[in-house]
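Written below as structure tokens is the structure these notes are about.
The values are calculated or read from the model by the stated rules, or taken from the named source; none is laboratory data. On a predicted model such as this, the values are computed, not experimentally measured, just so you know. Neighbour counts are summed over all protein chains in view; Cβ atoms, including those assigned to glycine, are modelled from backbone coordinates with ideal geometry. Each accessible area value is taken on the protein alone, full model and side chains, heavy atoms only, with ligands, DNA and RNA left out. Shrake-Rupley method; radii C 1.70, N 1.55, O 1.52, S 1.80 Å.
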2 protein chains.
Amino acid sequence: MMPSPAPNPVTVSEPDPSRRNNLALLTSLVHHNGGLSRAQLTKRTGLNRSTVGTLIGQLVNLEVVYETAPSGEAQVGRPSPIVRPRPSIAALAVNPEIDAVTIGLVGLGGKVQKKIRFDTERIPTAKEAVNIAAAVIAGMRSELDTSYRVMGVGIAVPGLVNRDDGVVRHAPHLGWRDEPVARMLGEATGYPCHAANDASLGAEGELLFGAGAGQKNLIYLNGGASGIGGGIIADGALLRGTSGYAGELGHTFVRSSGKPCHCGATGCLETEVSQSPLFELAGLGGGDAGQLEQALRANSSEAVGAEVARQLEYLGIALRNAVNTFNPEAIVLDGFLGVLHALSPGTLDSLLRSQALDGPAGQVKIYRAALGSDLMMIGAAELAFTQFLADPAGAFPIPTLSQADHAESGALAQSGTLP
Amino acid sequence: MMPSPAPNPVTVSEPDPSRRNNLALLTSLVHHNGGLSRAQLTKRTGLNRSTVGTLIGQLVNLEVVYETAPSGEAQVGRPSPIVRPRPSIAALAVNPEIDAVTIGLVGLGGKVQKKIRFDTERIPTAKEAVNIAAAVIAGMRSELDTSYRVMGVGIAVPGLVNRDDGVVRHAPHLGWRDEPVARMLGEATGYPCHAANDASLGAEGELLFGAGAGQKNLIYLNGGASGIGGGIIADGALLRGTSGYAGELGHTFVRSSGKPCHCGATGCLETEVSQSPLFELAGLGGGDAGQLEQALRANSSEAVGAEVARQLEYLGIALRNAVNTFNPEAIVLDGFLGVLHALSPGTLDSLLRSQALDGPAGQVKIYRAALGSDLMMIGAAELAFTQFLADPAGAFPIPTLSQADHAESGALAQSGTLP
DNA sequence: TGGATTTGTTTCGCTATCCAACATATTACG
DNA sequence: CGTAATATGTTGGATAGCGAAACAAATCCA
């Protein structure tokens, strides 16, 4: 008759973890806003000026943040110095896809310092993806060791991922099943590794650094070559569910006697709304969302209009459900879903207004994603940052100093074949 | 460029509210478990023995809890006294329905002390419901003032309710629109009043005291005369959304070209799955879920089986969506939905296993609700308790002592006509 | 009866925080 | 140009919530 386990049972090693919260709060605030004045920090946290002062002092000592001269904005009163995140505190991001594995380095503050896209000629297996990532990371290793403090690696996988143990339960488009990618990459690199669903991480990325900044309830939907992924932010936190599988809005039911989906059901959103017919109508063999939008805008045929309308109608049903269920402030559409919405701006809004319940529908706004190709890197890095953000003072004795803090954001491109 | 307001801006009157959390934690634990030994409390909270000791001492002084002799369970070591919630700390619950307004008094610990059902001859307006509730409460007033400390009133409304301001946005079956019921009842009684959706409160009730005890992610669905309401618990907390409208699973899309729903859409769960055809087939004019179940079990006609199967199929679609979206551990079915499930036990499980995604579907279990007719009282009372539970030491100078703590749970029945 | 075990109790010390007073840097206004 | 007004950083107590350790009490077990 013990309903639930102890929330705070062991880990008595550190002194009083329940009280170190405000240090973490300040760190997150600085990280997610890329720099805030001390005055703003006191307002945001509700803490005392003096408390913020001492805490910031600690973070400066820990080399987590640094202070710069006040911004030029003219205001009455003593100017407040700006507290900025050190980009030398960094996390690695890995994103395996159908045709590439992308590895990135993201600094505290969410700036992508480095991005390396490794094109593959066929769909990578889990082992291959891990090998590629490990090799690229090994190549960066000396730079990482001298100029950064790497807090870990985050892996964004298009599929069902158990966030607790980092096992990919099923990634249909990659053909992966029960692959312990986090453990594999952890053993290969020595860094602590975590894995999660790519759309969930995208939702967090857009929430913290993108179109949904400052919202507390938002729904993120991404349409790509491998279907539709979703991530849900409820009350400021990602909806995870029992094992981190939550958010699979791509398999929302939208049509009776619809086509069978690879998931075993019929009439899923992702079988009715997909990018391949759009690419065909646009006369494109492949490409990204931007190219698709251009091509569709150039083509004003009826067939295009009909297909766009058809897909928007099904998307509208899924969004109606989501709005009734979550009562969000914002819906963020990424990939080709963003294109659909942009091609016919008012359609989804009016569908929602007429079909969803009055209350929830009246408050929701639909946005297009803002972070583009950096999103996955930022989201995955956030996964690796979480542990650090929860306790910025704990567990890193690495005194490595560096000058990488003001490095420019350089993006490399590279390609190769599978090993 | 200010993404969000200060989380802790004003209310500087009380000394350091950020540190009073463990007192609240203990209070909630005792409340929701109806009594725990001090040893269990230390394990659950992870706090030090001595800390728990002092905190419990405070709660005893505040007359929030009392200690009783250790339970008879034989164990090695010094027996630990049981900390019990004082039922004299109480909250009022109000639940307007189509044919009645029910008023209840619930003590800390979740025991219903009193329940008065006021039958109405027609659907009550908001004003009538408030009048009835206020009159019944006025009648109890002297007892309340002498024997209880009433923390407030919670109103459970079948409809869209803005939890922040207590305004009923739209309760279709009651015919209410934009009714500020919380303010109305607050003015009529002088108690702090809050209102929320009935199914949301049901979800919380079942989570804390019923079938879902100890779960962190569960979905509650209630089927009644006025349709299907839903409440979602994610990560231990009720999903509220921007304004508390979240959880309307009754309007999940389950059928293309289905019947039009009063919400403006078509193919909603609540139009396809409803209790009236079941009552007809059972040959009943009305009644509760228990009577319906008995009648349907007695009737083994094909028509009944077909209708049950049809409704279960649509319910399965809605549950499939919900499972894919939330990855819950448990689904709790109440009202006639519980009957449907009980009549054909394995059906929903196998529907989920074949149609929902592997990961989430493998973990979910379907339960029938456990709290019966007390649920709404408990849930609504919880709404009134929340403020108190967040700060048990703050804001009640009422030193009223009482002997109602050991009163028996008495349920009254009463009926009348509209004023 | 005595040891093992678990838990309540007491005392003490730590530390995160707030508060109040003071110092400093800026704008506003004469 | 100087003074007032304003907002903020800084410093030195004071406080309170909590943990650690030692001790005391109440149970089971051999």
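Ordered by 1.4 Å accessible area with all protein chains kept, A:THR266, A:THR252 run largest first as A:THR266, A:THR252.
What is the stretch A:177-268 by shape, rounded, prolate or oblate, if you read a ≥ b ≥ c off the alpha carbon gyration tensor as root eigenvalues and call it rounded for a/c under 1.5, prolate for a/b larger than b/c, and oblate otherwise?
Oblate is the answer for the stretch A:177-268, as a/c is 1.5 or above yet b/c matches or exceeds a/b.
Distant-in-sequence amide contacts of A:HIS170, defined by a placed amide H-H separation under 5 Å and a gap of 5 or more residues or a different chain, comprise A:LEU160, A:ASP178.
Accessible area per residue was computed with a 1.4 Å probe on protein heavy atoms; A:THR125 scores about 60 Å². Between 0 and 90 degrees, the angle of helix B:126-147 with respect to the longest Cα principal axis of chain B falls at about 30 degrees. Rounded to the nearest 5, the antiparallel percentage of DSSP beta bridges internal to the protein assembly as shown is 65%.
Counting from the shortest, the label point at B:PRO81, 7 Å from Cα toward Cβ, is 5.3 nm from the same position in each remaining copy.
For the pairs A:LYS259/A:LYS365; A:LYS216/B:LYS216; A:LYS259/B:LYS259; A:LYS216/B:LYS43; A:LYS43/A:LYS216, note any where the Cα-Cα span goes beyond 25 Å. Pairs exceeding the cut-off: A:LYS259/A:LYS365; A:LYS216/B:LYS43. For the stretch A:211-370, the fraction of 1.4 Å probe accessible surface lying on carbon and sulfur atoms is 48 percent. Beta-bridge orientation, the stretch A:211-370: approximately 50 percent antiparallel, per DSSP, counting only bridges with both partners inside.
Tell me: how much accessible area in total is hidden between B and A, 1.4 Å probe, Å², nearest 100?
Details: alone 19560 and 19550 Å², together 34500 Å².
In total, this chain pair buries about 4600 Å².
Could you grab the relative contact order for the stretch B:211-370? Cα pairs under 8 Å, six or more apart, rounded to a whole percent.
Once divided by the residue count of the stretch B:211-370, the mean separation gives 26 percent.
Oblate is the label for the protein assembly as shown, because a/c, from the alpha-carbon gyration tensor with a ≥ b ≥ c as root eigenvalues, is 1.5 or above and a/b does not exceed b/c.
Based on protein heavy atoms only, the stretch A:49-145 ends up with 45 Å² per residue of surface accessible to a 1.4 Å probe. What whole number of Å gives the distance from the Cα centroid of the stretch B:353-398 to the Cα centroid of the stretch A:23-37? Computed from Cα coordinates, the inter-centre distance equals 34 Å. Between helix A:375-390 and chain A there is an angle of about 40 degrees, using the helix long axis and the longest principal axis of the Cα atoms.
Over the residues of the protein assembly as shown, the helix contribution to mean residue ellipticity at 222 nm works out to -12000 deg cm²/dmol, using -39500 (n - 2.57) for each DSSP H run of at least 4. Nearest to the axis that brings chain B onto chain A is this chain B residue, judged by its Cβ, with the distance in whole Å: B:SER256, 2.
Taking all Cα-Cα distances within the stretch A:211-370, those exceeding 29 Å account for 15%.
Starting from the residue with the highest accessible area, list A:SER142, A:SER344 in decreasing order, probe 1.4 Å.
Values: A:SER142 80, A:SER344 30 Å².
From most accessible down to least: A:SER142, A:SER344.
The candidates B:ASP374, A:ASP334, arranged from most to least accessible area with a 1.4 Å probe in the full protein assembly, appear as B:ASP374, A:ASP334.
Residues in the stretch A:321-329 carry Karplus couplings, in order, of 4, 5, 5, 5, 7, 10, 6, x, 7 Hz; the curve used is 6.51 cos²θ - 1.76 cosθ + 1.60 with θ = phi - 60°, and Gly or Pro positions show x.
Residue-wise HN-Hα couplings along the stretch A:225-239, as the Karplus relation 6.51 cos²θ - 1.76 cosθ + 1.60 with θ = phi - 60° gives them from phi, are 4, 9, x, 10, x, x, x, 10, 9, 10, 6, x, 10, 5, 6 Hz; Gly and Pro carry x.
Taking Cα atoms only, the orientation of helix B:289-298 departs from the longest principal axis of chain B by about 40 degrees. Using a cutoff of 8 angstrom between alpha carbon atoms and counting only pairs six or more residues apart, the relative contact order for chain B works out to 19 percent. Between B:PRO172, B:PRO277, B:PRO85, where does the largest GNM mean-square fluctuation fall for chain B, given springs only between Cα atoms within less than 10 Å? Of the options given, B:PRO277 has the highest mean-square fluctuation. Among the residues of the stretch A:325-341, those with an accessible-area drop of 10 Å² or more from chain alone to full protein complex, heavy atoms and 1.4 Å probe, are A:THR325, A:PHE326, A:ASN327, A:GLU329. If I build a Gaussian network model for chain A, linking alpha-carbon pairs within less than 10 angstrom, which residue out of A:ILE331, A:ILE56, A:ILE378 has the largest mean-square fluctuation? Largest GNM mean-square fluctuation: A:ILE56.
In the Gaussian network model of chain A, springs joining C-alpha atoms below 10 Å, which of A:GLU67, A:GLU206, A:GLU382 carries the largest mean-square fluctuation? Among A:GLU67, A:GLU206, A:GLU382, the largest mean-square fluctuation in the Gaussian network model of chain A belongs to A:GLU67.
Using DSSP, restrict attention to beta bridges with both residues in chain A and report what percent are antiparallel, rounded to the nearest 5. Close to 65 percent. Legend: residues in the stretch B:259-291 shielded by at least 30 square angstrom of accessible surface upon adding the remaining protein chains to the isolated chain (1.4 Å probe, heavy atoms) are B:CYS263, B:ALA265.
Counting only Cβ charges, +1 for Lys and Arg and -1 for Asp and Glu, the dipole size of chain A around its Cα centre is about 940 debye. Taking all protein chains into account, the per residue accessible area for the stretch B:211-370 stands at 34 Å² (1.4 Å probe). Taking the label point 7 Å along Cα→Cβ, A:ASP178 and its counterparts in the other copies are spaced 5.8 nm apart, in ascending order. Comment: the Cα-to-Cβ extended label point of A:GLU128, at 7 Å, lies 7.1 nm from its counterparts in the other copies, nearest first.
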